[in-house]
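In what follows, a structure is listed as structure tokens, so that the remarks can point back to it.
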Amino acid sequence: MITWLFVLVAASSATAAQDATRLFNEANALYREGDYAAAVEKYRQCEATGVLNASLFYNLGNAAYKSNQLGLAIVAFERSLRLRPGDVDARANLALANARIVDRFDPKMENVLTRAAGVVYGALGAGSLAVAASLCLFGLSLLGGLWLLQPERKAVCLAGGLLFLVMGGGSLGLFAMKMEEHHREEAVIVSQAIDGRSGPGNEFLKVFTLHEGTKVTIDRFESGWFQIRLVNGIAGWLPRDAVLRI
């Protein structure tokens, strides 16, 4: 499924906006015709005009997935969700793409609470989490006032206060994670298979092999190579063209 680009943002001029609209429409036409690889190229040309739009990245992700460009598809869906966190279609398509990733690392131990927090974290943006934390703080203040004015309702105020405290603290914690994620530079492997090295060059020792679609965190750049970290903490170096920043 493709979506339409109603509003173009971040285009540097009226001409750039017109070019972006034309390229986007041409890409959509190619997608409908089933020429997914050509659609990918058109969507990327549209992106090069300066457009940062969730619909563009969503459509690019679909075209990339259908043309077996798994790494690019994951990057595009991730970018779309950063601009429109509540998009259930983009989230479902990202999950579908992630299911095809070859590299699997030992997952962290989870319980019901951490899984629930993960769902909330994925569904809400930083702004929504900040509002939720503020509302919990406001509710806590109201209950504090009620406690002072009507001491006989102490039990109700205490129970409600604890609930608001837990919800507010959780919202603040998730908000802090969102802010840290915003400043953390993430990327995805776009090569079918690539060896990670112990230093910035092919002459260094191979420390691991990664496959297309795996997400990594970029620590620094040196001499055409990225130093990256995996979710399990292992670090290594990859050539610049092996990864695409989210």
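No lab work stands behind these numbers, since they all come straight from the coordinates. Computed from a prediction, not measured in an experiment: that's the story for all the values here. Don't worry about glycine lacking a Cβ; one is built from the backbone with ideal geometry, like all the others, and counts go over all protein chains shown.
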Calc'd 3J(HN,Hα), region 136-141, phi into Karplus 6.51 cos²θ - 1.76 cosθ + 1.60 (θ = phi - 60°), Hz, glycine/Pro = x, comes to 5, 5, 5, x, 5, 5
Burial-style ranking of 39-51, 62-74, average other-beta-carbon count within 10 Å with highest first, yields 62-74, 39-51
A correct Stokes-Einstein calculation for region 186-245, using the alpha-carbon Kirkwood radius, 4 °C and 1.567 mPa s, returns a whole-number D in µm² s⁻¹ of 119
Expected vector for region 202-216, Karplus 3J(HN,Hα) from phi with 6.51, -1.76, 1.60 and θ = phi - 60°, integer Hz, x for Gly and Pro, equals 5, 6, 7, 5, 6, 10, 6, 10, 10, 10, 4, x, 5, 8, 9
For region 189-198, in residue order, the Karplus 3J(HN,Hα) values (coefficients 6.51, -1.76, 1.60; θ = phi - 60°; whole Hz; Gly and Pro = x) are 5, 10, 7, 4, 7, 8, 8, x, 10, 7
Bounding extents of region 14-98 in its principal axis frame from Cα atoms, largest first in Å, are 36, 26, 18
